[in-house]
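*Asks:* Below: one structure in structure tokens.
The values are calculated or read from the model by the stated rules, or taken from the named source; none is laboratory data. Being a predicted model, the structure only gives us computed values, none of them experimental. Reconstructed Cβ throughout: ideal geometry from the backbone, glycine too, with neighbour counts over all protein chains shown.
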Amino acid sequence: MLDISEYPLLDGHCHAFLPEKEEEGLDQSFNLSFLQIPDPHNTSTLLFRRVVTELARVLDCDADWATVAEARAEAYGRDPSAYIGKLFREAGLKAMLVDQGYPCEEFNGYSVPLSGFADLLGGDVAVHPLFRIEPVLAELFRTASSFDELLSRFGEALEQAVQADGCVGFKSIIAYVFGLRVEKIKESEARRAYTAASQSGQLTKSTTEKDWIPNDGANIRDERILRNYLLWKAFEKSIELSVPFQLHTGIGDSPFIDVRAVNPLHLLEVIADEQLREAEIVIVHSGYPYVREAGFLANNYPNVYIDLSEMIPFASIGGKDCILQLLEMAPVTKLMYGSDGFGVPEIFWIGGLVGREALSRALQELVESRAIDEEYAHEMARLILHANAVRLYGLGE
């Protein structure tokens, strides 16, 4: 494999966590399901087997799950920061962009202050916040007394996130509830939808992926219209504030996401709109399993970028092939590493290991096929692992 170990990792999409809030066993952390996957299925995926093997090496113990789980619990419990630091240093993780919308008080009952999370990491990793719009919309749907108040406070919240709170980008998970077929809505239609959904009580209901029950009723249609309109306003605000906009695409928490509705090609009306041409749109999770579609969009539209998180590490041994599929069309200057790490530090760590390995194997294959030379392969590694994100999000060195 091409040796790309010298290049630091910038994790372009992940979530803060607290050791004391670890709710499930580690064996349930390497799938994307809210369903409890029973033994032996949960421990028989190739990703989980790789985690066990690598943890046994790090913890210097036998590579059976029971032994690894016990050694891990002891090391993590004894000194969480030291354990996390050891894993993150091995992965070469130097910076991360943290989606503050998960976990959050609204949906999880707790949040993780960014300063506290940085302290947990021991100061070794630079932490930059991303602003997810759904939690603030949930609050505004409960508390705003009119459409105009909703719109005004939403704009103020977006401005504060960037100008006062230091957020380096916006994020939306509209895909979870309404899919990615986002349409341009007239203000008059948005006002009508707001009034109807407010009067029905629809807007005060929780619409997270955990407890939303899909139906085709008028209330749901009205909320979809309103959310499409507000998302469009957020795109416009991202242009005004010069920050990128991340959109969840592709796979997510089962059974709450309809993977059929989250192909990034559904975003074409957004991406092709002339008024949004300056919005820097990041296709999060590479659209997996729709990676070729994501690569096509990045190739054809100047303002479309691709984040590799969740595809790495959850695609397991498929990471190399997925990277090559993206590179069939996507400019290398538009691909950015990420893990979608959440809940436990091992996702961040194994993402770094298998992501770097997958990229190395892909680049080596390109060199051997004479598509590129070794010098450019190293440049590609540097760009994907950190430099593209540094440039796009304006992070400096």
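*Asks:* Among the residues of segment 75-108 satisfying the criterion of being of a type in the set (A, V, I, L, M) and out of contact with any helix residue (DSSP H, G or I) (no Cβ under 6 Å at 6 or more places or on another chain), which is farthest from ILE173 (Cα to Cα)?
*Replies:* The residue in question is ALA82.
Residue by residue, here is whether (1) touching a Pro at 6+ places or on another chain (Cβ under 8 Å); (2) part of a loop (DSSP other than H, G, I, E, B); (3) acidic (Asp, Glu) holds:
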| residue | (1), (2), (3) |
| --- | --- |
| MET1 | no, yes, no |
| ARG50 | no, no, no |
| CYS61 | no, yes, no |
| TYR76 | yes, no, no |
| SER81 | no, no, no |
| GLU90 | no, no, yes |
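*Asks:* If a residue has to be surrounded by fewer than 19 Cβ atoms within 10 Å (Cβ to Cβ) and hydrophobic (A, V, I, L, M, F, W, C) to count, how many in segment 110-119 make the cut?
*Replies:* 2
*Asks:* Taking the conditions exactly as written (in contact with a Gly (Cβ under 8 Å, 6 or more places away or on another chain) and part of a helix (DSSP H, G or I)), does GLU106 satisfy them or not?
*Replies:* So GLU106 fails the test.
*Asks:* Based on this model, can you work out whether ALA71 counts as in contact with a Cys (Cβ under 6 Å, 6 or more places away or on another chain) and either assigned to a helix (DSSP H, G or I) or crowded, with 19+ Cβ neighbours inside 10 Å (or both)?
*Replies:* On the way: in contact with a Cys (Cβ under 6 Å, 6 or more places away or on another chain): yes; either assigned to a helix (DSSP H, G or I) or crowded, with 19+ Cβ neighbours inside 10 Å (or both): yes.
Yes: the conditions hold for ALA71.
*Asks:* Out of the residues in segment 302-330 meeting the condition of being of a type in the set (Ser, Thr, Tyr) and closer than 15 Å to ARG356 by Cβ, tell me which one is surrounded by the most Cβ atoms within 10 Å (Cβ to Cβ).
*Replies:* Among them, the one singled out is SER309.
*Asks:* Something else now. Looking only at residues that are in a loop (DSSP other than H, G, I, E, B) and touching a residue at least 40 places away in the same chain (Cβ under 8 Å) in segment 331-350, which one is surrounded by the most Cβ atoms within 10 Å (Cβ to Cβ)?
*Replies:* Within segment 331-350, the first condition is being in a loop (DSSP other than H, G, I, E, B), and the residues that meet it are 331, 337-344.
Cutting the leftovers down to touching a residue at least 40 places away in the same chain (Cβ under 8 Å) gives us 337-344.
Values: TYR337: 27, GLY338: 28, SER339: 30, ASP340: 27, GLY341: 27, PHE342: 16, GLY343: 19, VAL344: 21.
Filtering segment 331-350 for residues that are in a loop (DSSP other than H, G, I, E, B) and touching a residue at least 40 places away in the same chain (Cβ under 8 Å), the one surrounded by the most Cβ atoms within 10 Å (Cβ to Cβ) comes out as SER339.
Yes/no per residue for (1) surrounded by fewer than 22 Cβ atoms within 10 Å (Cβ to Cβ); (2) modelled with pLDDT of 95 or more; (3) in contact with a Ser or Thr (Cβ under 8 Å, 6 or more places away or on another chain); (4) not in a helix (DSSP H, G or I):
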residue	(1), (2), (3), (4)
ASP216	yes, no, no, yes
ARG221	yes, no, no, no
LEU226	no, yes, no, no
GLU240	yes, yes, no, no
VAL243	no, yes, no, yes
GLN246	no, yes, yes, yes
ILE251	yes, no, no, yes
ARG260	yes, no, no, no
